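To start, the structure under review is shown below, and the notes come after it.
The values are calculated or read from the model by the stated rules, or taken from the named source; none is laboratory data. For clarity, every value in this text was computed on a predicted model and none was experimentally measured. Positions of Cβ are generated from backbone atoms using ideal geometry, with glycine treated the same way; all protein chains shown enter the neighbour counts.
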Amino acid sequence: MALAMAAIAIASPNPLHSSLTLSNARGRRAFCTRPRRRRRTHSLMKITGSSLADGSALFQAAHYTVDTYIKSGMVIGLGSGIASGMAMQYIGLQLGAGALKDIVGIPTRSVASASEAAKAGIPLGHYEDSSQIDFAFDDADIIEERTLIAVIGRTRSQGEESIIQEKTILNAANKVVFIVRENQYKCGMDGSIPVLVNPLNWMETAEEIDDLFLGDAEVWRRPSVGLAGPHGGPFPLVTREGHNVIDVIFTSPILSLAEVSMSLDNIDGVIEHGIISKFPCTAVIASESGPSVVDNVPKNSVKEP
């Protein structure tokens, strides 16, 4: 397959978000009615000290994913995150040693994925609607037990990044693997769901989302820099496609990501969101005892590789 080369700039994700409160002269109620909770964030850092065991587990899971699922001649969707970066480094070593040949990588996130792949020496192509993608791997912020429905896009990225592109490539792949830690594979999840909205009517869309999850979630508009003011701040994040990002931050456990996804899909003004449901899909779960594998097929089970 002939694919054009992609040259893409480097960006650094920053998980900082800021609270949004809305009101108007007619007395609309505020979005954030509960005290703000400290949120978990992930950063790309060198593995040191207490992070060593966790990094080693992700290293094993990333290498297992490459050795098990990637073959010569494949077109591969390249994810972003710590584990995906480790997988790309290993693919580069395999290409250099001749163990893998004729690999073409398609970055799921235009900046982060392309940068890691370029440093690893993986030939890059760009995605088109007719592109064949044999396999894709990605980090997930969290993944639901049994269903393997995942949440992506929680960390703040630059405007060149695209949740739409990431979901499109993952959905187009013949097979998808999410590489996650043990504490990211769970039921009864909390945390945020990123939602892309039209900037022209973002306040109306945000209020409808707030009404939908009343009492269970807070709604913040994501800034590009600094803190958001009462109306989202003067510098809201604008995606490559021209959308704003609203973070729906659940303060109660999310019992079903599928139901949240369907509810968001039915709201006018919602362009896309960070929930992805892919079938078939596999989770490679990193733990100190070694990677475990879960497939979302009927009667799925965890197996030790």
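I want to confirm something. Restricting to the range 214-273 and keeping residues that are out of contact with any Phe, Trp or Tyr (no Cβ under 7 Å at 6 or more places or on another chain) and of a type in the set (Lys, Arg), which single residue is surrounded by the most Cβ atoms within 10 Å (Cβ to Cβ)? Checking each candidate, the answer is ARG222. Condition test on LEU196, is it modelled with pLDDT of 90 or more and on the phi > 0 side of the Ramachandran plot? The answer is no for LEU196.
Does ALA30 satisfy the condition of being at pLDDT 95 or above and either loosely packed, with under 15 Cβ neighbours inside 10 Å or under 21 Å from THR282 (Cβ atoms) (or both)? Answer is no for this residue. For the range 124-141, the candidate set comprises residues that are out of contact with any helix residue (DSSP H, G or I) (no Cβ under 6 Å at 6 or more places or on another chain), over 12 Å from ALA173 (Cα atoms) and of a type in the set (D, E, K, R); within that set, the residue that is surrounded by the fewest Cβ atoms within 10 Å (Cβ to Cβ) is GLU128.
Matching residues to (1) modelled with pLDDT of 90 or more; (2) assigned to a loop (DSSP other than H, G, I, E, B):
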| site | (1), (2) |
| --- | --- |
| GLY85 | yes, no |
| TYR90 | yes, no |
| LEU93 | yes, no |
| ALA114 | no, no |
| THR147 | yes, yes |
| ARG156 | no, yes |
| ILE169 | yes, no |
